[in-house]
Amino acid sequence: MVKFVSEKIRMRTSARLAAVQATYMIAYGQLPVEEVIQDFVKGDVGRYVIEEDSLEHEEMVPVEQMDTVYFTSLVKGVHTNKEQIEKSLASYLNEGWSFERMDGTMQALLLCAVYELAHTLDIDAKVIIKEYVDLAYAFYTKYEPKVINALLDQISKSVRSENN
């Protein structure tokens, strides 16, 4: 059975992936936000991903077209609210863990997800969490997606109840 996914949903999923990548590039490449956004929007960066099959063959495949307005909003929103989001995330981490201890990809993914949970109230929290957990599985194979799921679930309950 083929699952129908609207073009708008696919474009938002691509925008989220690109936002995670852009957030990482801004943080670790120390690049200007506007420059990174323009590189993604023009297609200079982020046009392909590596896809592996069950035999571990790798192939470069094009990424679905993204919602550039949504992408830009996410990246600018994360950058503008980064310190606040990091402080908020730190309050949800178990003792002995810190945001800085996480690898850069997980930091970027969580920054985007928490920003979106707090600022896009027109999208159901479960949808946002599922999208970012699915993205986590694109980067990780072990326990990280489960950690992200649990953390985002806990954060969404708090953030969404404050905004209602």
**Request:** Looking only at the stretch 107-127, decide whether some residue is charged (D, E, K, R), touching a Lys or Arg at 6+ places or on another chain (Cβ under 6 Å), within 22 Å of ARG12 (Cα to Cα) and touching a residue at least 40 places away in the same chain (Cβ under 8 Å).
**Result:** no
**Scope the stretch 140-149; condition closer than 16 Å to CYS112 by Cα and out of contact with any Asp or Glu (no Cβ under 9 Å at 6 or more places or on another chain); matching residues** = VAL147, ILE148, ASN149
**Complete:** Residue pairs within 7 Å by beta carbon, gap of at least six or interchain, first lying in the stretch 73-93 and assigned to a helix (DSSP H, G or I), second among the hydroxyl-bearing types (Ser, Thr, Tyr) and modelled with pLDDT of 95 or more, listed first then second, are LEU74/TYR115; VAL75/THR23; GLY77/TYR115; VAL78/THR23; VAL78/TYR115; ILE85/TYR115
**Message:** Of the conditions (1) among the aliphatic types (A, V, I, L, M); (2) at pLDDT 90 or above; (3) part of a helix (DSSP H, G or I), LEU31 satisfies every one except a single condition; which number is it?
**Reply:** (3)
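The values are calculated or read from the model by the stated rules, or taken from the named source; none is laboratory data. Predicted model, so just to flag it, every value in this text is computed and none were measured. Positions of Cβ are generated from backbone atoms using ideal geometry, with glycine treated the same way; all protein chains shown enter the neighbour counts.
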